[in-house]
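Visitor: The structure under discussion is supplied below as structure tokens; questions concerning it will follow.
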Amino acid sequence: MNIRFFQVDAFTNKAFCGNPAGVCLLEGPLTDETMRAIAAENNLSETAFLLRQQDGYSLRWFTPTVEIALCGHATLASAHVLWTNGLETPGSTLHFHTRHSGLLTAASKDNRIELNFPARSYEPVVLPTALRQLFANNYVNAVYSHDRYIIELPSADAVVAFVPDFHLLESYRVVITARGDEGSPYDFVSRYFAVPLGVLEDPVTGSAHCGLAPYWADKLGKTSFSAYQASARGGELTVILQNDRVLLQGEAVTVISGTFHVNHQ
């Protein structure tokens, strides 16, 4: 079986920046085992698997080790692939049906791709021992959102300078964040560590901003943000909170296209 494959840098307009995602265009179902094997072979933070259905596409995402419930950058990459390769009318609204996050859509907005995702609420939390050890008293606030901790640091510089201890992070998914510096074009910055999923640090994470949007809306008293994920590759997002939904806007660039040759299903 031959599978069309693309590698796309998402949440950037320049190659070799943003977050690289794999996108596989399927002509028929694959087993979970095969999709995990392809994702492991790619060794990217996520690979998306698209299968056309009557009213859109079935969409699943795999890290190199596990399937995940929600992925922003690989969804953005999927929309980019469908439009730029003539598989869908450019700018048309795309419908993605997912196992754990319901219906997601992608549309064109001001020459960018706009994803419509679920917002994730948060609640105050006492950090577990390992995270208290990692952050000591060098944080402003800590909350828990859906499946990960959001930890606010004192400054954007502290987010950039943070050195993770992956042993202490091995059981936890953690977002660190801070307000943008005075004069910065960004309302807030962040980084995301997902060691339990086989992803030490994710370069740019749409799902993290589904929790960051409500958090910073309450902090800053606004619902539209310019955000920067301060990983080594870096990435920019426009984030808009609309009731129980989050709109994520970004760009994407294809860097690789080819074919996976799979001899089993």
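Visitor: Would you mind stating whether S58 is of a type in the set (S, T, N, Q) and under 16 Å from the mean Cα position of the chain (by Cα)?
Guide: So S58 fails the test.
Visitor: Next question, about the same structure. Taking S78, is it surrounded by 19 or more Cβ atoms within 10 Å (Cβ to Cβ) and part of a loop (DSSP other than H, G, I, E, B)?
Guide: Spelling it out, it is not the case that S78 is surrounded by 19 or more Cβ atoms within 10 Å (Cβ to Cβ) and part of a loop (DSSP other than H, G, I, E, B).
Visitor: For region 189-207, check the following and say yes or no: at least one residue is surrounded by fewer than 18 Cβ atoms within 10 Å (Cβ to Cβ) and farther than 22 Å from A142 by Cα.
Guide: Taking every residue of region 189-207 in turn, at least one turns out to be surrounded by fewer than 18 Cβ atoms within 10 Å (Cβ to Cβ) and farther than 22 Å from A142 by Cα.
Visitor: State which residue is surrounded by the most Cβ atoms within 10 Å (Cβ to Cβ) when the search covers only region 23-38 and only residues that are under 22 Å from the mean Cα position of the chain (by Cα) and over 13 Å from I3 (Cα atoms). Working first, answer last.
Guide: The first filter runs over region 23-38 and keeps only residues under 22 Å from the mean Cα position of the chain (by Cα), leaving 23-26, 32, 35-38.
Remaining after also requiring over 13 Å from I3 (Cα atoms): 32, 36-37.
Values: D32: 10, R36: 18, A37: 16.
The extreme case among them is R36.
Visitor: Separate question: Within region 79-102, is even one residue closer than 14 Å to F11 by Cβ and hydroxyl-bearing (S, T, Y)? First the steps, then the outcome.
Guide: Start the filter on region 79-102 by keeping residues that are closer than 14 Å to F11 by Cβ, which leaves 79-80.
Restricting the remaining residues to those that are hydroxyl-bearing (S, T, Y) gives none.
Among the residues of region 79-102, not one is closer than 14 Å to F11 by Cβ and hydroxyl-bearing (S, T, Y), which makes the answer no.
Visitor: Okay, moving on. Could you pull out every one of the strands (runs of 3 or more DSSP E) wholly within region 83-150 that has 3 or more residues that are touching a Leu at 6+ places or on another chain (Cβ under 8 Å) and either in contact (Cβ under 8 Å) with a residue 12 or more places away in the chain or polar (S, T, N, Q) (or both)?
Guide: Values: elements: 94-97, 103-109, 112-118, 141-145.
By residue number, 94-97, 103-109, 112-118.
Visitor: Still on this structure, please answer the following. Can you find a residue that is surrounded by 14 or more Cβ atoms within 10 Å (Cβ to Cβ), within 24 Å of I176 (Cα to Cα) and touching a strand residue (DSSP E or B) at 6+ places or on another chain (Cβ under 9 Å) anywhere in region 84-105?
Guide: yes
Visitor: Do we find a residue being in a strand (DSSP E or B), under 18 Å from F225 (Cβ atoms) and either open to solvent by 70 Å² or more (accessible area, probe 1.4 Å) or not small (G, A, S) (or both) anywhere in region 160-175?
Guide: Yes; the residues of region 160-175 include at least one that is in a strand (DSSP E or B), under 18 Å from F225 (Cβ atoms) and either open to solvent by 70 Å² or more (accessible area, probe 1.4 Å) or not small (G, A, S) (or both).
Visitor: Further, regarding this structure: State the number of residues belonging to region 215-235 that are surrounded by fewer than 20 Cβ atoms within 10 Å (Cβ to Cβ) and out of contact with any Lys or Arg (no Cβ under 8 Å at 6 or more places or on another chain).
Guide: Total meeting the criteria: 10.
Visitor: If I filter region 58-75 down to residues being crowded, with 24+ Cβ neighbours inside 10 Å and of a type in the set (G, A, S), which single residue comes out as nearest to A39 (Cα to Cα)?
Guide: Per the criteria, the residue is A74.
Visitor: I would also like to ask the following. Looking at region 188-226, which of its residues are assigned to a helix (DSSP H, G or I) and under 14 Å from the mean Cα position of the chain (by Cα)?
Guide: Those that are assigned to a helix (DSSP H, G or I) and under 14 Å from the mean Cα position of the chain (by Cα): L197, G206, S207, A208, H209, C210, G211, L212, A213.
Visitor: I've got another one for you. If I filter region 106-118 down to residues being buried (at least 19 other Cβ atoms within 10 Å of the Cβ) and hydrophobic (A, V, I, L, M, F, W, C), which single residue comes out as farthest from E152 (Cα to Cα)?
Guide: Only one residue tops the list, namely A106.
Visitor: For L59, only one of the following conditions fails: (1) of a type in the set (A, V, I, L, M); (2) under 25 Å from N263 (Cβ atoms); (3) assigned to a loop (DSSP other than H, G, I, E, B). What is its number?
Guide: L59 satisfies every listed condition except (3).
The values are calculated or read from the model by the stated rules, or taken from the named source; none is laboratory data. Note that the coordinates shown come from a computational prediction; the quantities given were computed from them, not determined experimentally. Here Cβ is always computed from backbone atoms with ideal geometry, including for glycine, and neighbour counts include all displayed protein chains. Heavy atoms of the whole protein, side chains included, go into the accessibility calculation; ligands, DNA and RNA do not. Shrake-Rupley method; radii C 1.70, N 1.55, O 1.52, S 1.80 Å.
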